[in-house]
Structures are given as C-alpha cells and as structure tokens.
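Step one of this worksheet: look at the structure below.
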Amino acid sequence: MMRFPRVPAVPWGRSSGGGLLGPDDPAEHRPGATAHDRPGFEHRLRDGRRVFLTPVLPGDRHRLEAGFEQLSDQSRVFRFFRQRDRLSEAEIQRLIQVDQVDHVAWCALDLPDPPFDGLGSGRLIRDPGDPEKAEVAVTVIDAAQRHGLGTVLLAVLVLRARMLGISTLTAHVLPENRVVVRWLKDLGWTIVRDEGSLEFEDQARPDPSRVSEFPARARFEQLLDDLEPRVMSCLAVMAGRAASGPPAPLVDGPEDDHPEGGAVEGR
C-alpha cells in the first residue's frame, strides 16, 4: 500500500507491520490493520492511496493538534492568513465541537494508522444572517498535498451543503496561494471580491451549462455522484448513534474576521 511520507518531528503514524499493501486490498484483509471505530468510509485517491473519510468528532482533538504540527509555515499562513505557532484552547474547541448542521466538519484519516493519522479536514460554516449561504475551507497537511485529497474534502462539503439547503458557497483565499486560486477557477468558482484576500463564490448546484464550460468541474460532479450514497450511509449511521444519547454541546469562542482562513491543498 502506498504511504504518505512522514514528518519525523511528529510521530503521528506507524507502519502496518512493515508490509507493503496493495491499494485495492480491503481493510479486513490487511495484516495488522485496525478499522476506524467511527462512522465513515474508505475512498481511493487518484494515485491509489486510500483514506478514511469521516465527520469530525469531539475526540479528534489529538488529530487536530498533530495535524497542525504537520503544516509548514506557509501552509499555516494560507490557512489562517497570518503566521501561527499554536492553536488557542477556544479555537481547538470550536474546531472539534461541531453540530454538523450549521458547522459541518469532515476529516480524512490515513489507513491503517490510528491514533495520529489525520491527513486533512474540510469545514462549512453557515452564515448566521443568511441560512442559504456558507463559507468553506479545506486544510491538508503538507505531506498529503497534491494528491487530490482537498478536492475530495470539498466534494463532501458541497454534498452536505446541498442536503442542508445551502445554495451559495464562499471561500477566502490569499492571492499568494496560487495553487488554490487556480484550483477554484478551474472548478468554475468566481472572484466576487478582492480586498487583501480573494473571496470566491460558487453555487452548490451550478447551472449545467456552466459545468460544461469547465472540464475540472465536470469531473468534480462525477465525484459528487460517487460520494453521495456513501456520505448518506455514513450520516444514517451517525443518526442511529445520536438517537442513543444527547449530542455534544457546541462550545463558543472568539471569532476571527475569516474564521476558516483559506484552503491549503490544490488539485
């Protein structure tokens, strides 16, 4: 199985018994593999690597903190619009205590490497003044960038937006983040504001004629079709588990001008 390279400073993963596993091997056939005990599903990226896509849970704090350590200085600036050495306690709580309705958050986990296996996350925050509008952001650790993981996470967010009745999506990106600027333009997103950062906008359900203008968007729509039944199945599992107990409460914290910063990973 192809692996993402490790960053020695943070031992967030371990090998699977020292063996190389084929990308098509299901988890139950992998020697030493440990299935993630949470709602979610496996997805194969374009280069054959498999990741586990799952909603963010309150217990993901260690993944969030380890993932932050995996971001380069440049990636942190692209994500938070300024250099950050650490996340505050309020920020950590706000990022892991989500209701999956007004604040949607999913993450991608490496396989089969618990517990420090976070590769990236995507989140969608509904505009409190306009429930049909939401801001999205995608963050992928440097070692896992340029493999298409950001596109997959964005696709999950678009699907959730459609399910939740959100029609307009926005994203803020620094002009220096050329990879993401090009990525969003290729997907048909348009720049609606340029004031220090670029504000992109797109429709969760774009006009079909507009989709045909952008080959990358046409492929993205195919990805949505592939992911939709698996996302729906995952949500059904979550709903069943939620019925057995009360949901975790939201924790409020101080807000930034652009709490989601910019997306980090390109195509």
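The values are calculated or read from the model by the stated rules, or taken from the named source; none is laboratory data. The structure presented is a predicted model; accordingly, all values stated were derived computationally and were not measured. Remember, those area values only see protein heavy atoms, side chains included, never the ligands or the DNA or RNA. Shrake-Rupley method; radii C 1.70, N 1.55, O 1.52, S 1.80 Å.
Okay, here's what the table says:
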| item | result |
| --- | --- |
| Spatial extent of the range 145-195: Rg and Dmax, with the Cα atoms as the point set, Å | 12.0, 33 |
| Kirkwood-based Rg to Rh ratio, the range 89-195, C-alpha trace | 0.97 |
| Solvent-accessible area, 1.4 Å probe, carbon plus sulfur percent, for the range 35-82 | 47 percent |
